[in-house]
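We did not get these values from a lab; they are worked out from the coordinates using the rules stated. As the structure is a computational prediction, the values presented were derived from the model and not from experiment. Counting neighbours? That spans all protein chains shown, and the Cβs are built from the backbone with ideal geometry, glycine included.
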Amino acid sequence: MKQYNGLTFNIMRKEDIPELTAVMKRAFDEDSRRHLGEESGGPDGYDDGSFLRKWGLHPASSAWKIEKDGKLIGAVIVWVFSSRENKLGCMFIDPELQDKGLGRTVWKFIESEYPQTVTWRTETPGFSKRNHNFYVNKLGFKIVKIENPGDPRSEMYIMEKEMGRR
């Protein structure tokens, strides 16, 4: 367990998957409602636990469940490589608590936890304008590529954040 600016981070375990899946479903469904006008939507397995079992419990990932005041509020999954060019695989916060600076706090924890990182990479759907704002304007990522531009279902923004040589 690690504490960081009012949040508690614990390594994700198999027992956490059902409750985390409910939070993940709410977060991704809110994004789909907001940007696509659809009631639900997210990556394969986001709503049945298979996404988190596959990626959050993957032996090569580092996955953290996040709590605030004893309540589960989200998770973050990162991939840390010997090249020091690491990847943010997934981050989500319960929609009830979004837009309160918690995502930024989570990211500051990740940066402090992996200070050897030279470059962070991530990707997010093209339709998710709120994610673009968050990653670019709040966290300092830059858009380096757009895959399948113009296709609302498959457009993907590829982003990087250079941390500098450490």
Work out which GluC sites (Glu not before Pro) in the chain are exposed loop sites (DSSP not H, G, I, E or B, at most 14 other Cβ within 10 Å) and give the longest gap free of them. 40-166
Of every Cα-Cα pair in the stretch 118-166, the percentage lying beyond 14 Å is 48 percent
Given that just one value was derived from the coordinates, which of (i) 38, 36, 30; (ii) 41, 38, 31; (iii) 47, 39, 30 is Cα extents along the principal axes in Å? (i)
Mind giving me the FRET efficiency for ALA22 and VAL136? R0 is 30 Å, r the Cβ-Cβ distance, nearest 0.05 is fine. 0.55
Rounded if a/c under 1.5, otherwise prolate or oblate - the stretch 42-87, Cα gyration tensor axes: oblate
Where a Cα-Cα gap under 15 Å defines reach, which aspartates and glutamates qualify for LYS14, not counting those fewer than 8 residues away within the same chain? ASP48
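For GLU39 and TYR4 in one chain, what is 0.36 nm times their gap in residues minus the Cα-Cα distance, to one decimal in nm?
Here the segment from GLU39 to TYR4 would lengthen by 9.2 nm.
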Quick check for you: which residues of the stretch 12-28 have the amide N under 19 Å from the point 7 Å beyond the Cα of ARG53 toward its beta carbon? 12-26
Please compute the modelled spin-label separation between LYS71 and GLU155, points set 7 Å along Cα→Cβ, answer in nm with one decimal. 3.4 nm
Of LYS54/LYS129; LYS25/LYS54; LYS2/LYS68; LYS100/LYS138; LYS108/LYS145; LYS87/LYS142, which sit over 20 Å apart, Cα to Cα? LYS54/LYS129; LYS108/LYS145
Local electrostatic count at ILE146 - Lys and Arg +1, Asp and Glu -1, tallied over other residues with Cβ under 11 Å: -3
Which percent, to the nearest 5, of DSSP beta bridges fully inside the chain are antiparallel? 90 percent
